[in-house]
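The structure is given below, and queries will be raised subsequently.
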Amino acid sequence: MDYQALLNIIEKDLESFDHQGKVASYIPELAFVSPNKFGMHLHCINGKDYFIGDSEEKFSIQSISKVFTLTLAKKHKSKIWDRVDVEPSGNPFNSLIQLEKEKGVPRNPFINSGALVIADILISCLENPKEELLAFVRYLAQDHDIYYDEKVAASEKSKGYRNIALVNYMKSLGNINNDADDILDFYFHQCSLAMSCSQLSKAFMVFANEGKIIGTQERVLKTKSIKRINAIMQTCGFYDEAGEFSFRVGLPGKSGVGGGIVAIHPHQYAVAVWSPKLNAHGNSEKGMRALEELTSLTGLSIF
Ligand code: GLN
């Protein structure tokens with residue numbers, strides 16, 4: 001497959017894409033990002049790279065980090081599924097409304113409440129959670145040049161009212177063990193990770209390669225765990241737009257309010273796209289469109 005030719009077509013087709021959405025500004029630091037950035041990077045199972053636009057520029061990965069923390073928790077064989085469910089929420093990523101009925105057990109690990117429980121689990125099992133998460137992401141990407149963006153983490157902390165509410169609410173319902181401030185500090189840092197499309201596509205190859213690092217073939221997780229994480233990406237990776245993403249793109253994936261989306265085609269490739277303007281569901285508008293075009297042009301999706 002000549003992926004470079006396809007990416008070039010996508011770049012040209014979307015040159016004058018008519019955005020309706022806006023760059024996220026509820027995390028003040030994110031509002032400074034230039035709205036017209038666009039990059040895409042596809043890393044193939046055979047190790048080849050294909051890219052367009054701002055694919056080497058780092059941006060805030062935000063909720064994409066929830067896939068890394070779930071993977072790290074699984075790697076440490078943490079017990080997860082009695083504390084977080086695996087059902088789509090059909091609600092916005094920062095919603096509180098289902099928690100009361102469900103006794104503080106979040107619907108899935110990719111909404112904020114679920115990711116905060118995963119953060120709690122990691123804090124309980126790791127000695128230096130922030131350092132170990134960073135090392136893990138660098139290992140997955142096989143790239144040391146990945147850091148937390150302290151400015152973004154501090155910016156979210158200054159306005160993170162809903163996440164503060166979520167942690168405290170779940171603590172009152174008995175599903176949080178550690179100190180709320182420690183969990184929030186870890187969570188705001190994981191969301192502040194700055195990575196490029198190039199780095200993200202490489203880091204996500206583990207999900208396209210049955211749980212092994214591409215190149216070295218070192219095993220990170222069992223094939224069965226990878227199958228499950230991919231299933232949760234498919235059903236829950238885009239919150240109340242997960243159905244739409246499946247319908248239009250047809251690949252497991254995860255988005256973040258920094259405007260990034262990563263998707264994988266098992267045994268074929270991982271692809272990351274970045275365009276900061278978000279639709280009403282908090283997902284990158286142009287990013288979704290670019291991925292839709294990719295699977296339409298190749299004629300291949302997991303369906
Ligand atoms: N840090 C963001 C938040 O908690 C992540 C949300 C997202 O990327 N969807 O609101």
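Read-outs throughout are calculated quantities, based only on the coordinates presented, and are distinct from any laboratory measurement. For clarity, every value in this text was computed on a predicted model and none was experimentally measured. Cβ placement follows ideal geometry from the backbone for every residue including glycine, while neighbour counts extend to all protein chains displayed.
What stretch of the chain, leaving out the sites themselves, is the longest with no trypsin sites (Lys or Arg not before Pro) in a DSSP loop having at most 12 other Cβ atoms within 10 Å?
Longest gap between qualifying sites, sites excluded: 104-303.
Additional query: So how do Trp274, Trp81 line up by other beta-carbon neighbours within 10 Å, fewest first?
Result, fewest neighbours first: Trp81, Trp274.
Just going by the charge dipole of the chain, with Lys and Arg at +1 and Asp and Glu at -1 on Cβ, which of Val257, Leu300, Asn36 is farthest out on the positive end?
Of Val257, Leu300, Asn36, it is Leu300.
Let me ask something additional. What aspartates and glutamates does Lys227 reach when the alpha-carbon gap must be under 12 Å and sequence neighbours fewer than 8 apart in one chain are set aside?
Partners found: Glu210.
Would you mind ranking Leu140, Leu221 so that the residue whose beta carbon has the fewest other beta carbons within 10 Å leads the list?
Taking fewest neighbouring Cβ atoms as first place, the list is Leu221, Leu140.
Summing -39500 (n - 2.57) over the DSSP H runs of n ≥ 4 in the chain and dividing by its residue number, what mean residue ellipticity at 222 nm do you reach, to the nearest 500 deg cm²/dmol?
Rounded to the nearest 500, the figure is -13000 deg cm²/dmol.
Rounded to a whole number, what is D in µm²/s for region 219-286 from Stokes-Einstein with the Kirkwood radius over alpha-carbon pairs (25 °C, 0.890 mPa s)?
199
Taking the beta-carbon count within 10 Å as an exposure proxy, list Asp120, Asp82 from fewest neighbours to most.
Asp82, Asp120
Dimensions of the chain along principal axes (Cα, Å, largest first)?
Here the spans come out as 53, 41, 34 Å, largest first.
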